[in-house]
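Visitor: Pasting a structure below so you can have a look.
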Amino acid sequence: WVGPDRMSHPLKEIVRAELVKILKRYRRHDILLLAHSMGSIVAYDVLTAGVPDIAVHTLVTFGSPLGNPLVRKEIAEEQRSALHREGDLETPPGIVRRWVDIADPLDSVSSHSDLPRYYRPNARGVQVESVSARNEYACQGVPSHHKLYGYVRTPECARMVDDFLNEGGMPWLQRAQCALARTLFGSGRAASASEAGRE
């Protein structure tokens, strides 16, 4: 995604188009987007330049190289801006609630993990949050502090997903039941299902 042919590499356009297609498909829903490693660069690129008008409720990045000076410099060049000072890059405009970056201090890919230092808030006031976590994944006794599986099973990741699912005071399962009732029976039965769930 970065490098001398970053602007025109065909694979980049294929990956970008796929994420754009998925985001457009679910644009009428609350979106929680999880992005790991190079995927966080793809997500940032798409949310900033590809579909800045699509609302994403929460972005969670893991093991992200977005703080790496080379990556930041190339992102800035592609956006036709210059890194004259810290914070020139911005939280993608479509993020409406949170951008949380989860990094293990032993993960070399995310060694520049203080993202609030480099990415200013967007127009909605959303600022990236840096969260430290212990990625305890190991394969045959060999630790891999960058592994996606290790990140998604951390308590910090579980907390982000739980916050997203239960926002608004109604547990996600109850909201799903109400949505199903509304689809099958109309708004009156949906309200009854909501009241029953509180009893």
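What follows draws every value from the coordinates through simple rules; no lab data is involved. Please read these numbers as outputs of a predicted model, since none were measured by experiment. Note that we place each Cβ from the backbone using ideal geometry, even for glycine, and neighbour counts take in every protein chain shown.
Visitor: Can you tell me which of 57-65, 106-114 comes out highest on packing, and rank the rest after it, using the mean Cβ neighbours within 10 Å?
Guide: Working: 57-65: 24.8, 106-114: 17.6.
Highest mean packing first, the order is 57-65, 106-114.
Visitor: Starting from the Cα of residue 158, step 7 Å along the direction of its Cβ; do the same at residue 179; then give the gap between the two resulting points in nm.
Guide: With each label point 7 Å from Cα toward Cβ, the separation is 2.4 nm.
Visitor: Quick one: which of 24-30, 97-103, 115-121 comes out on top by average Cβ neighbours within 10 Å, and what's the full order, highest first? Walk me through the intermediate numbers first.
Guide: Numbers: 24-30: 11.4, 97-103: 22.9, 115-121: 18.1.
Peptide ranking by packing, descending: 97-103, 115-121, 24-30.
Visitor: Please list, or write none, the lysines whose alpha carbon is within less than 20 Å of the alpha carbon of residue 73, excluding same-chain residues fewer than 8 places away.
Guide: 12
Visitor: Write out the GluC sites (Glu not before Pro) in the stretch 40-148 meeting two conditions: DSSP loop, and at most 16 other Cβ atoms within 10 Å of their Cβ. Intermediate values should be presented prior to the final figure.
Guide: Numbers: sites: 74, 77, 78, 86, 90, 129, 136; in loops: 86, 136.
The qualifying sites are 86, 136.
Visitor: Residues with amide H under 5 Å of residue 96's amide H, sequence separation 5 or more or different chain, H placed in the peptide plane at 1.01 Å from N; which?
Guide: Counting only residues 5 or more places away or on other chains, the set is 56, 57.
Visitor: Another question, if that's okay. Given H placed on each backbone N at 1.01 Å, which residues far from residue 36 in sequence or on other chains put an amide H within less than 5 Å of it?
Guide: The list, which skips near neighbours in sequence, is 62.
Visitor: With label points built 7 Å along Cα→Cβ from the Cα atoms of residue 53 and residue 166, find their separation and express it in nm.
Guide: About 3.7 nm separates the two model spin labels.
Visitor: For residue 129, list long-range residues whose amide hydrogen, built 1.01 Å from N in the peptide plane, is under 5 Å from its own amide hydrogen.
Guide: 99, 100, 101
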